[in-house]
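Asks: So that we are looking at the same thing, I have put the structure below in structure tokens.
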Protein chains: 2
Amino acid sequence: MSYFQRHIFFCLNQRDNGEASCAQHDAQSAFDHCKSRVKQLGLAGPGGVRVNKAGCLDRCAGGPVAVVYPEAVWYSFVDKSDVDEIVERHLAQGEVVERLVLDPSIGR
Amino acid sequence: MSYFQRHIFFCLNQRDNGEASCAQHDAQSAFDHCKSRVKQLGLAGPGGVRVNKAGCLDRCAGGPVAVVYPEAVWYSFVDKSDVDEIVERHLAQGEVVERLVLDPSIGR
């Protein structure tokens, strides 16, 4: 049994060299929104969901990105409604949001 | 198939309010050492291993901590030789290093 049933990591990496990075896409707001929704829905904590900050997840070309473990499902999202869908369907119910899944070919 | 075969997240959280945090235990050095060893051993990259920075993993009482996904195995480590063992046994070969596994009762 996993300590957290589902653990989502948001890349919040900021690059200052002109290369693409998730922070340019307001990943911090998406993280904050996700954390707040998970708390509101009573999902947070051991045995439940953990919403985590992460450094570069190395799939920058698809940014902003997040990954949900232990399922190893990677998402690219655009706005808060995308994040809501990840929370309500995947984090709450374990259902993969196929339309937001990152293409396997997308890397750094 | 997971984009990374194994993805290890090190908590590098720094608290300035006197509470325990992984950064006080030199988690940054452990992260740097792990990243360097994984690269030296040719394990890094898609289909292989990713060594990642993370914010607070919320199991501060066991700090410094790291978690390996998709296995969801949590470790508490003391020194570089502990990190070497996690790299050589778990990240390279998929073998859990039982002596370093965090007790399930340890939380924040």
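The values are calculated or read from the model by the stated rules, or taken from the named source; none is laboratory data. Here the structure is a predicted model, which means the values were calculated and not measured. Note: ideal-geometry Cβ built from the backbone for every residue, glycine included; neighbour counts use all protein chains shown.
Asks: Please enumerate the residues belonging to region A:24-44 that are touching a residue at least 12 places away in the same chain (Cβ under 8 Å) and closer than 17 Å to B:ALA54 by Cβ.
Replies: So the first thing to find is which residues in region A:24-44 are touching a residue at least 12 places away in the same chain (Cβ under 8 Å), and the list is A:24-31, A:33-35, A:37-38, A:41, A:43.
Across region A:24-44, the qualifying residues are A:ALA27, A:GLN28, A:ALA30, A:PHE31, A:CYS34, A:LYS35, A:VAL38.
Asks: Let me ask another. Could you tell me which residue of region B:1-39 is nearest to A:PRO104 (Cα to Cα), considering only residues that are within 11 Å of chain A (Cβ to nearest Cβ) and of a type in the set (Lys, Arg)?
Replies: The residue in question is B:ARG6.
Asks: Conditions: (1) within 27 Å of B:GLN14 (Cα to Cα); (2) at pLDDT 95 or above; (3) in contact with a Gly (Cβ under 6 Å, 6 or more places away or on another chain). A:GLY45 meets all but one. Number of the miss?
Replies: Of the numbered conditions (1) within 27 Å of B:GLN14 (Cα to Cα); (2) at pLDDT 95 or above; (3) in contact with a Gly (Cβ under 6 Å, 6 or more places away or on another chain), the odd one out for A:GLY45 is (3).
Asks: Check whether at least one residue in region A:12-26 is under 15 Å from B:CYS56 (Cβ atoms) and in contact with a Gly (Cβ under 9 Å, 6 or more places away or on another chain), and report yes or no. Steps first, please.
Replies: Applying the first criterion (under 15 Å from B:CYS56 (Cβ atoms)) to region A:12-26 yields A:12.
Filter once more, keeping what is in contact with a Gly (Cβ under 9 Å, 6 or more places away or on another chain): A:12.
For region A:12-26, residues under 15 Å from B:CYS56 (Cβ atoms) and in contact with a Gly (Cβ under 9 Å, 6 or more places away or on another chain): present.
A quick yes/no check of all residues on (1) facing chain A (nearest Cβ under 7 Å); (2) aromatic (Phe, Trp, Tyr); (3) touching a Pro at 6+ places or on another chain (Cβ under 9 Å):
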{"residue": "B:LEU41", "(1), (2), (3)": "no, no, no"}
{"residue": "B:VAL49", "(1), (2), (3)": "no, no, no"}
{"residue": "B:ASN52", "(1), (2), (3)": "yes, no, no"}
{"residue": "B:GLY63", "(1), (2), (3)": "no, no, no"}
{"residue": "B:GLU71", "(1), (2), (3)": "no, no, yes"}
{"residue": "B:SER81", "(1), (2), (3)": "no, no, no"}
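Asks: Take A:ARG6 and decide whether it is modelled with pLDDT of 95 or more, touching a His at 6+ places or on another chain (Cβ under 7 Å) and within 19 Å of B:SER2 (Cβ to Cβ).
Replies: Values: modelled with pLDDT of 95 or more: yes; touching a His at 6+ places or on another chain (Cβ under 7 Å): no; within 19 Å of B:SER2 (Cβ to Cβ): yes.
Taking the combined requirement at face value, the residue does not satisfy it.
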